[in-house]
1. Count, please, the residues in segment A:387-417 that happen to be assigned to a loop (DSSP other than H, G, I, E, B) and either of a type in the set (A, V, I, L, M, F, W, C) or on the phi > 0 side of the Ramachandran plot (or both).
2. Only residues that are assigned to a helix (DSSP H, G or I), small (Gly, Ala, Ser) and over 18 Å from A:Arg200 (Cβ atoms): list them for segment A:257-305, please.
3. I'd like the full set of residues that are without any contact (Cβ under 8 Å) to a residue 40 or more places away in the chain and either touching a Pro at 6+ places or on another chain (Cβ under 7 Å) or among the charged types (D, E, K, R) (or both), limited to segment A:35-81.
4. Among the residues of segment A:313-346, which ones are part of a loop (DSSP other than H, G, I, E, B) and within 11 Å of chain B (Cβ to nearest Cβ)?
5. Taking segment A:347-377 as the search range and keeping residues that are part of a loop (DSSP other than H, G, I, E, B), away from every other protein chain (no Cβ under 13 Å) and small (Gly, Ala, Ser), which one is farthest from the chain's Cα centre (by Cα)?
6. Only one of A:Pro299, A:Pro230 is surrounded by fewer than 23 Cβ atoms within 10 Å (Cβ to Cβ) and in contact (Cβ under 8 Å) with a residue 40 or more places away in the chain. Can you tell me which?
7. Here's a check for you: in segment A:90-128, which residue that is hydroxyl-bearing (Ser, Thr, Tyr) and touching a residue at least 40 places away in the same chain (Cβ under 8 Å) is farthest from the other protein chains (Cβ to nearest Cβ)?
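The values are calculated or read from the model by the stated rules, or taken from the named source; none is laboratory data. Quantities reported herein were computed from a predicted structural model and do not represent experimental measurements. In this analysis, Cβ positions are derived from the backbone assuming ideal geometry, glycine residues included, and neighbour counts consider all displayed protein chains.
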Amino acid sequence: MIQTFPRGGVHPAEDKFAAGSPIKTLKVPETVVIPLSQHIGAPAEPVVKKGDEVKTGQVIAKSKGFVSTNIHSSVTGTVRKIDSELDSSGYKRAAVVIDTGEDNWAEGIDTGKTINKDITAGADEIIRKTLDAGIVGLGGATFPSHIKLSLPKGKKADVLIINGVECEPCLTSDHRLMLERGDELMVGIQLLMKALNVTRAFIGIENNKPDAIAHLIKLSVNYEGITVKPLRIKYPQGAEKQLIKALINREVPSGGLPVDVGTVVHNVGTAVAVYEAVQKNKPLIERIVTVTGREMKEPSNFLVRIGTPVRTLIDAAGGLPDNTGKVVNGGPMMGKALNSLDVPVTKGTSGIVIIPSAEASRKPVVNCVRCAKCVTVCPMGLEPYLLMPAAEFGKWDLAEEESILDCMECGSCSYICPSGRPLLDYIRLGKSTVSKIIRSRKQ
Amino acid sequence: MSDIVIYSIITVSAMGAAAAIILFMVAKKFNVVEDPRIDLVEEELPAANCGGCGLPGCRAFAEALVKADDISGLKCPVSSSEAMARISVILGKEIADPEPLVAVVRCAGTPEHRPRTNLYDGAPACSIASALYTGEGGCPHGCLGLGDCVEVCRFDAIHMNPETGLPEVTDELCTACNACVVGCPRNIIELRKKNKKDRKIYVACINEEKGGVARKNCKVACIGCGKCVKACKFDAITLENNLAYIDPVKCKLCRKCAPECPTNAILEINFPVRREKAEAQVQD
């Protein structure tokens with residue numbers, strides 16, 4: 001019997017239209033906009049100025065503070081300006097705008113296609129290179145990966161979990177990555193295992209990707225300690241805590257981290273990025289982005305440089321259909337609608353989903369009927385029907401008592417609600433206010 | 001039979017007397033001496049418990065008034081000056097006459113000035129929309145029009161105008177309790193000095209972006225050109241971060257600045273119609 005996490009979860013339509021289309025490398029655009037804040041934590045500090053010539057892979061912004069990471073130029077060209085530009089956050093934030101020239105890679109980067117399987121780097125070197133390469137969690141959360149690799153003192157991990165679940169509907173970038181770059185992934189996982197000093201690694205994959213599972217099982221025979229585990233389809237299985245529960249049946253305590261139960265979770269994309277950083281000295285300057293939608297002409301998976309405008313991707317996938325209602329950055333469950341197509345692809349852009357206007361708007365909001373479907377589907381065991389009014393009417397003490405901070409914003413409650421209530425909207429508001437209150441209390 | 005009645009009366013009376021003695025002793029022992037003036041002061045306060053004074057409710061404010069030696073720093077934005085004068089008599093302390101203030105919405109981005117570029121259908125709260133993106137218009141500083149300020153007003157003094165999509169303050173009802181100022185996630189609302197006949201002149205914009213960008217987002221944005229600064233004879237206007245600000249204390253309501261503004265970002269409210277304008281209207 002294949003495993004899954006026990007509590008809650010929903011089954012949205014999978015709609016993996018782009019699953020069959022191989023990764024295509026997109027042309028380098030004429031101009032790239034590289035935001036300085038593409039990760040959780042402090043924005044990076046720019047080290048280039050207007051008019052500077054930069055090469056592909058050159059550092060243009062340095063990590064500032066503990067939770068931060070480096071940012072590299074994804075193209076060769078001239079820095080046009082460092083200004084605030086609209087990004088996928090919906091606001092203007094500091095970004096480096098680069099006009100592209102001929103593509104010349106910075107020195108020391110191995111751009112060859114050969115797969116380098118010999119691991120010579122030690123744990124410290126792997127962690128250092130992860131930071132240098134500006135690697136963040138590519139599943140979408142964009143948490144700087146080097147922090148997850150350097151375990152806090154006194155904590156020990158015994159198993160590494162690799163997240164190939166891709167439970168978001170529509171998205172297929174991880175699926176294609178596992179199929180086409182399996183060997184790189186395996187070496188990447190071994191590097192991560194070495195950095196964490198663990199001997200076992202599990203790759204969790206939902207069994208709507210049987211080809212990827214079969215391919216990786218075949219490959220894993222050659223690599224010691226790596227086991228591929230198929231998982232029953234259920235959203236949000238790709239969430240860290242749910243995946244840990246499903247794979248090794250350990251429960252991360254409320255407010256705790258996976259390392260508290262002896263494990264660390266990394267995305268498959270991150271593992272490949274670590275492979276490239278350590279074995280090829282290649283920083284994180286491109287990523288795989290799924291561009292898909294029911295009405296799209298050619299749902300595709302593109303390998304694009306960071307900073308490419310979303311519009312370029314949509315044009316490459318056959319253009320925006322006339323009846324488009326929403327363009328979502330990320331998957332349809334957790335993604336966020338864009339209000340401009342000129343925003344750049346960042347390290348966290350896993351997909352662009354085009355939703356037709358008929359499906360784009362929300363249901364009209366009516367009264368809560370106390371059906372408790374939201375409670376049934378909440379994978380964290382929370383009570384969304386209670387948290388929403390707590391946040392709506394400012395009952396922050398109640399919200400805190402009811403563990404609002406445990407919510408990981410998977411959106412299952414809003415998805416299932418028959419009354420169309422904006423549960424997650426208010427819970428998000430509650431989360432940010434409650435964490436502000438807790439911070440001010442500590443001071 | 002009569003014995004039972006007598007015994008019962010005696011027993012119950014004895015119990016009553018004992019309880020009375022205990023209660024009396026306890027009341028003596030745990031007696032809280034409260035300044036009787038607190039009650040008197042509280043009676044004079046509006047009992048709105050709005051928190052505008054910065055304290056949790058009117059009772060706490062009354063206690064603070066009685067306790068403090070110098071009460072010039074304590075202000076109830078809701079109380080009339082007569083009520084405060086009465087409180088001053090009760091306490092025998094000088095009360096600073098607070099300058100009356102009124103809430104002012106510093107955004108004039110109606111749909112015609114700030115075209116809609118998208119449609120928001122999330123939860124109808126500014127705090128939520130503001131956390132998500134710039135809003136239905138492109139301006140990242142402008143009013144979202146979802147009415148968080150209306151929600152927090154305890155005095156029914158602020159309402160959304162469905163035509164402009166902007167909140168409007170009823171000056172007579174506004175007590176300057178500060179709730180809307182705190183409630184607005186974009187800090188658009190400001191408390192300004194109340195003038196004669198509710199006259200107001202202020203920059204209805206808080207956009208600090210460069211002129212071109214601001215103008216692109218909204219036709220009535222302040223573009224930071226500085227013309228009003230030059231026009232002002234009282235040094236009341238300052239220009240900082242591409243945004244002009246009229247100091248309500250220094251401003252003498254001379255109306256020299258408003259016609260200078262190329263984007264009409266300076267609003268004049270409750271003034272008589274200008275002569276030139278009136279003539280132009282007659283000609284039309």
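1. 9
2. A:Gly269, A:Ala273, A:Ala277
3. The answer is A:Glu45, A:Lys49, A:Lys50, A:Asp52, A:Glu53, A:Ile60, A:Ala61, A:Lys62, A:Lys64, A:Lys81.
4. Those that are part of a loop (DSSP other than H, G, I, E, B) and within 11 Å of chain B (Cβ to nearest Cβ): A:Leu338, A:Asn339, A:Ser340, A:Val343.
5. Among residues in segment A:347-377 that are part of a loop (DSSP other than H, G, I, E, B), away from every other protein chain (no Cβ under 13 Å) and small (Gly, Ala, Ser), the one farthest from the chain's Cα centre (by Cα) is A:Ala372.
6. After ruling out the rest, the residue left standing is A:Pro230.
7. Applying the filter and picking the extreme gives A:Thr111.
Every residue, every condition in (1) closer than 27 Å to B:Thr117 by Cα; (2) at pLDDT 90 or above; (3) surrounded by fewer than 19 Cβ atoms within 10 Å (Cβ to Cβ), yes or no:
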{"site": "A:Lys64", "(1), (2), (3)": "no, no, yes"}
{"site": "A:Thr69", "(1), (2), (3)": "no, yes, no"}
{"site": "A:Thr76", "(1), (2), (3)": "no, yes, no"}
{"site": "A:Arg80", "(1), (2), (3)": "no, yes, yes"}
{"site": "A:Asp87", "(1), (2), (3)": "yes, no, no"}
{"site": "A:Lys92", "(1), (2), (3)": "yes, no, yes"}
